[in-house]
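The values are calculated or read from the model by the stated rules, or taken from the named source; none is laboratory data. Quick caveat: nothing in here was measured; it's all calculated off a predicted structure. Every residue, glycine as well, gets a Cβ built from its backbone with ideal geometry; the counts of neighbours run over all protein chains shown.
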Ligand SMILES: *Cc1c(COP(=O)(O)O)cnc(C)c1O
């Protein structure tokens, strides 16, 4: 079968090739791009010897038109993604997939670095302004991912005072071609501004594109670590397919997992682990789709009231299918702190608050008698949240050198009210 085209979740746009979906971000009718079909995994994919090798082969089915895909993926995914087994307590068979060893210490480096390189290749030097709303981690991953990509200017929007000190530092550290904007509002306000900018504001020069997980270019690379982890477990002789536990906010990561499954990965099911922003778990329990504002929690990168990728999930699956494939869990801040402490006490593993939400969801699943292999996606390095981790576990996480050196670097940021006019001045 030929490579997929991309259609809008709202059905009001013509199918477009990947390049257009990638560069436009949002479909012209305001919907999100979804593939017309999911290519089957290439024969022998399990024999890949490294993540980048696997990535080159799998993405070639999606993106046959992209030159030197192997080298691109190898350059983007230049950091390890270890699968760490937990031992002790009731944790046997639970693995943590550490996705946080990239330059900005969150899993967003995987999608953002790959997408930035795909965009660079697609643009060939044409000027573009990339708009990214961030609840904490996206912005720095995107800014870092685009470092050195010619013709690209990045504008970051983050909710003022609602990201951690480390996250903020990573966002505002001075970079060529990056403008950081602290928005007087919530993350949902930032997302709304980005959407408005797409429909109403155009940059003075070149095109406008988005780097949020509404961009399909971030989701495709995220399918790769599901495949890689599934393969690693199979090689290690695990009994039965794994259940994936996904600390979730905008549901981009979860959507990527379902695409990997659609391609042919054997999956026992998914657990969507949310913090107090529990609109999606409620929806899975039979409630209405989430509509409310977000509340602030310890796992701030998951503070999303209205997950943008739910629209995508609901166009890929019926609500009934979704409810049988995915189970939702909501974890309070108290439970998150208890989870960090418990896991450290029982296994010696030090988790950040986002991963701890996932670990708590895994523990509950074990408590219900779910005995099969489980893979908890670890989405951030504990050193990104040193205060919360130390307060919970009594141990300070060790900061990698690239974090420590941030505090000496010059910074640059502007504060704006959450209005389109204020944003327009920066486009
Ligand atoms: C973005 C983020 C999440 C949520 O991922 P989604 O794809 O938005 O569901 C979870 N944890 C961390 C650390 C993040 O940065």
Considering (1) on the phi > 0 side of the Ramachandran plot; (2) touching a helix residue (DSSP H, G or I) at 6+ places or on another chain (Cβ under 9 Å), say which one residue 124 fails and leave the rest. (2)
Tell me which residues, restricted to region 82-100, are touching a residue at least 24 places away in the same chain (Cβ under 8 Å) and either in contact with a strand residue (DSSP E or B) (Cβ under 9 Å, 6 or more places away or on another chain) or surrounded by 17 or more Cβ atoms within 10 Å (Cβ to Cβ) (or both). 83, 84, 86, 91, 93, 94, 95, 96, 97, 98, 99, 100
I need the full set of residues from region 225-253 which are closer than 18 Å to residue 326 by Cβ, away from the ligand (no atom under 13 Å from the Cβ) and assigned to a helix (DSSP H, G or I), in order please. 229, 230
Please go through region 391-418 and pick out each residue that is touching a helix residue (DSSP H, G or I) at 6+ places or on another chain (Cβ under 8 Å) and over 22 Å from residue 176 (Cβ atoms). 391, 392, 393, 394, 395, 396, 397, 398, 399, 400, 418
Out of all the residues in region 356-373, which are over 19 Å from the mean Cα position of the chain (by Cα) and either crowded, with 19+ Cβ neighbours inside 10 Å or at positive phi (or both)? 360, 362, 363, 365, 369, 373
Would you mind stating whether residue 196 is in a helix (DSSP H, G or I), within 16 Å of the ligand (Cβ to nearest atom) and modelled with pLDDT under 95? no
Given the criteria within 30 Å of residue 38 (Cα to Cα) and in contact with a helix residue (DSSP H, G or I) (Cβ under 6 Å, 6 or more places away or on another chain), does residue 327 qualify? no
Counting only residues in region 364-390 that are touching a helix residue (DSSP H, G or I) at 6+ places or on another chain (Cβ under 7 Å) and away from the ligand (no atom under 16 Å from the Cβ), the one farthest from residue 274 (Cα to Cα) is identified as 373
Can you find a residue that is in a strand (DSSP E or B), over 30 Å from residue 192 (Cβ atoms) and either in contact with a helix residue (DSSP H, G or I) (Cβ under 9 Å, 6 or more places away or on another chain) or at pLDDT 95 or above (or both) anywhere in region 14-29? no
Tell me yes or no: at least one residue of region 271-288 is part of a strand (DSSP E or B) and either more than 18 Å from the chain's Cα centre (by Cα) or modelled with pLDDT under 95 (or both). no
Just the residues that are within 16 Å of the ligand (Cβ to nearest atom) and in a helix (DSSP H, G or I), please, taken from region 289-324. 300, 301, 302, 310, 311, 312, 313, 314, 316, 322
From the set of residues in region 391-417 that are exposed (fewer than 13 other Cβ atoms within 10 Å of the Cβ), assigned to a helix (DSSP H, G or I) and free of Cβ contacts under 8 Å to residues at least 60 places away in the same chain, which is farthest from the ligand (Cβ to nearest atom)? 408
Selection from region 254-270 of residues that are surrounded by fewer than 24 Cβ atoms within 10 Å (Cβ to Cβ), more than 23 Å from residue 49 (Cα to Cα) and within 16 Å of the ligand (Cβ to nearest atom): 270
Exactly one of 161, 136 is touching a strand residue (DSSP E or B) at 6+ places or on another chain (Cβ under 9 Å), part of a loop (DSSP other than H, G, I, E, B) and surrounded by 24 or more Cβ atoms within 10 Å (Cβ to Cβ), and that one is 136
Check off (1) surrounded by fewer than 20 Cβ atoms within 10 Å (Cβ to Cβ); (2) within 16 Å of the ligand (Cβ to nearest atom) for residue 124 and give me the number that stays unchecked. (2)
Given the options 376, 295, 326, 343, name the one that is over 19 Å from the mean Cα position of the chain (by Cα), buried (at least 23 other Cβ atoms within 10 Å of the Cβ) and touching a residue at least 12 places away in the same chain (Cβ under 8 Å). 343
Give the residues of region 207-237 that are in contact with a helix residue (DSSP H, G or I) (Cβ under 9 Å, 6 or more places away or on another chain) and surrounded by fewer than 20 Cβ atoms within 10 Å (Cβ to Cβ), sorted by residue number. 207, 231, 234, 235
Search region 249-268 for residues that are within 16 Å of residue 111 (Cα to Cα) and pair each with any residue that is part of a loop (DSSP other than H, G, I, E, B) and away from the ligand (no atom under 14 Å from the Cβ) when their beta-carbon atoms are under 8 Å apart and the residues are at least 6 apart or on different chains. 257/267; 258/317; 259/38; 260/267
